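Okay, structure first, notes after.
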């Protein structure tokens, strides 16, 4: 990495400083560029992506501090060092608060400058390395659920496979009650497998490839399917699900993934509803978008939790009221919605209920007749 | 009575193998290899009427490598293969842009784990029959 040619940008309005710096760096093996104002310096930084930037604090036009801010925004791993003509502690501290790594007081000797270049480039290496590690950790975190589900799946499949065999082998030689117990064991394992499979499927969604398979989908289809899937749990909790869906609301998308996305939100609404509560699912076309909203009158989401609910593995406080889950559903929903070019938002009145809104770009071309869900299938006013 | 057909199972999960072997043993002579390398050795040294292959062995898709090797082998590629996978979609994940059932060899089928005993026997019988229909069995 040390042998690599690095890019150093000098931003200073004093030609004499630029000249001497260029002379010192000559033969260093690094690429060097310079700019005599903050504006041109930033322009160059955008296209050239320097590893290290020296910035003069006092320049006409935009100040060195503003340049520092912009550089940090441009590339958080870039390293900036300020030249300061008046080496007061105050100006140096201020520059460092704006993201400068260090400062060099003018006038400086060639050795001081070289040493600062070395320090700056070392810091750049560390920052780049750290960013890569963070990205890796993020990828691992994102894929964690997929890995875990896969690991869960294998033992479950092995147990189920052997249960199948044992049940067949014991058929006729054990009592009805024992047979029933085995049947129930197998059914519960089967439920677990379905659950793990659902996670795995959703996490294996390859977003770029999912897009290739997009076709017009009347949103009533996924919504009806999702309501139907959520119905069992809703009936158990005596929660009524009402649907009000515009038959003309069509999006370009993947029907299965959209069902998954909507189901997670409806399932959540049912989960956090009180007994005898009501969940209202509506979908309508509004200008260029299809807006799906799911409103419940449940326990609501504490304001402090709202920003995090779409992150994987986040579970709200409300979980204490008997709800269970792994905090994956909403994260998946967001992934799916974003893959469709849409976005999801939530608002909540703690104690009064929550409203989730999914907005998807509307599909404008005429809906193909066969194959697409017929609009008549809209579950209007359906309730548990 | 005709001779029992020979089935090779290649799967790295001993418990799962026990579960399908108990079913296949009812009708076939079964042999097991617990990793792709032993599986390949078994295929080259013996003759089997059917291969049950776990596609997701090890950390990656070592079963897929074995399937590719089989496809390149002029003799082995004619053998019917029952592909056993954790999840159908994983195949799509491994072969983006291809059909969920990639068709590794001329005669193959795909089942998900766990597999119902009747379904397993039915698929095994169908694959062996399909192979025999493709060309008459060779005289040993």
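The values are calculated or read from the model by the stated rules, or taken from the named source; none is laboratory data. All figures in this text were calculated on a predicted structure; none of them were measured in a lab. Cβ atoms come from the backbone with ideal geometry, glycine included; neighbour counts cover every protein chain shown.
Output the residues belonging to the range B:31-40 that are within 18 Å of residue A:155 (Cα to Cα) and more than 14 Å from chain A (Cβ to nearest Cβ). Break it down stepwise before answering.
In the first step, residues of the range B:31-40 are kept if they are within 18 Å of residue A:155 (Cα to Cα); the result is B:34-35.
Once the filter is applied, which keeps residues that are within 18 Å of residue A:155 (Cα to Cα) and more than 14 Å from chain A (Cβ to nearest Cβ), the range B:31-40 yields only B:35.
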Among A:157, A:100, which is the only one that is assigned by TED's automatic domain parsing to the domain that holds residue A:76 and more than 23 Å from the chain's Cα centre (by Cα)?
A:100
Filtering the range B:61-86 down to residues that are more than 14 Å from the chain's Cα centre (by Cα) and under 22 Å from residue B:130 (Cα atoms), which residue is surrounded by the most Cβ atoms within 10 Å (Cβ to Cβ)?
B:73
Looking only at residues that are surrounded by 15 or more Cβ atoms within 10 Å (Cβ to Cβ), more than 10 Å from chain B (Cβ to nearest Cβ) and outside any helix (DSSP H, G or I) in the range A:196-217, which one is modelled with the lowest pLDDT?
A:214
Are any residues in the range B:13-30 within 19 Å of residue B:56 (Cα to Cα) and either more than 14 Å from chain A (Cβ to nearest Cβ) or over 13 Å from the mean Cα position of the chain (by Cα) (or both), and if so, which ones?
B:13, B:14, B:15, B:16, B:18, B:19
Quick check on the range A:243-250. Is at least one of its residues closer than 20 Å to residue A:354 by Cβ, touching a residue at least 24 places away in the same chain (Cβ under 8 Å) and crowded, with 17+ Cβ neighbours inside 10 Å?
yes
Taking the range A:157-183 on its own, how many of its residues are over 12 Å from residue B:19 (Cα atoms) and touching a helix residue (DSSP H, G or I) at 6+ places or on another chain (Cβ under 6 Å)?
1
Residues (surrounded by 14 or more Cβ atoms within 10 Å (Cβ to Cβ), modelled with pLDDT under 90 and more than 8 Å from chain B (Cβ to nearest Cβ)) located in the range A:145-187
A:145, A:146, A:148, A:149, A:152
Since residue A:59 meets every condition but one in (1) over 34 Å from the mean Cα position of the chain (by Cα); (2) within 15 Å of residue A:6 (Cα to Cα), which condition does it not meet?
(2)
So residue A:359 ticks every box in (1) modelled with pLDDT under 90; (2) surrounded by 14 or more Cβ atoms within 10 Å (Cβ to Cβ) but one. Which box is left unticked?
(1)
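On the basis of being exposed (fewer than 15 other Cβ atoms within 10 Å of the Cβ) and out of contact with any helix residue (DSSP H, G or I) (no Cβ under 7 Å at 6 or more places or on another chain), does residue A:92 make the cut?
Values: exposed (fewer than 15 other Cβ atoms within 10 Å of the Cβ): no; out of contact with any helix residue (DSSP H, G or I) (no Cβ under 7 Å at 6 or more places or on another chain): yes.
No; evaluated as a whole, the condition is false for this residue.
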Exactly one of these conditions fails for residue A:60: (1) exposed (fewer than 15 other Cβ atoms within 10 Å of the Cβ); (2) free of Cβ contacts under 8 Å to residues at least 40 places away in the same chain; (3) closer than 19 Å to residue A:17 by Cα. Give me its number.
(2)
Considering only the range A:323-349, state which residues are in contact with a helix residue (DSSP H, G or I) (Cβ under 9 Å, 6 or more places away or on another chain), farther than 20 Å from residue A:256 by Cα and at pLDDT below 90.
A:323, A:324, A:325, A:326, A:327
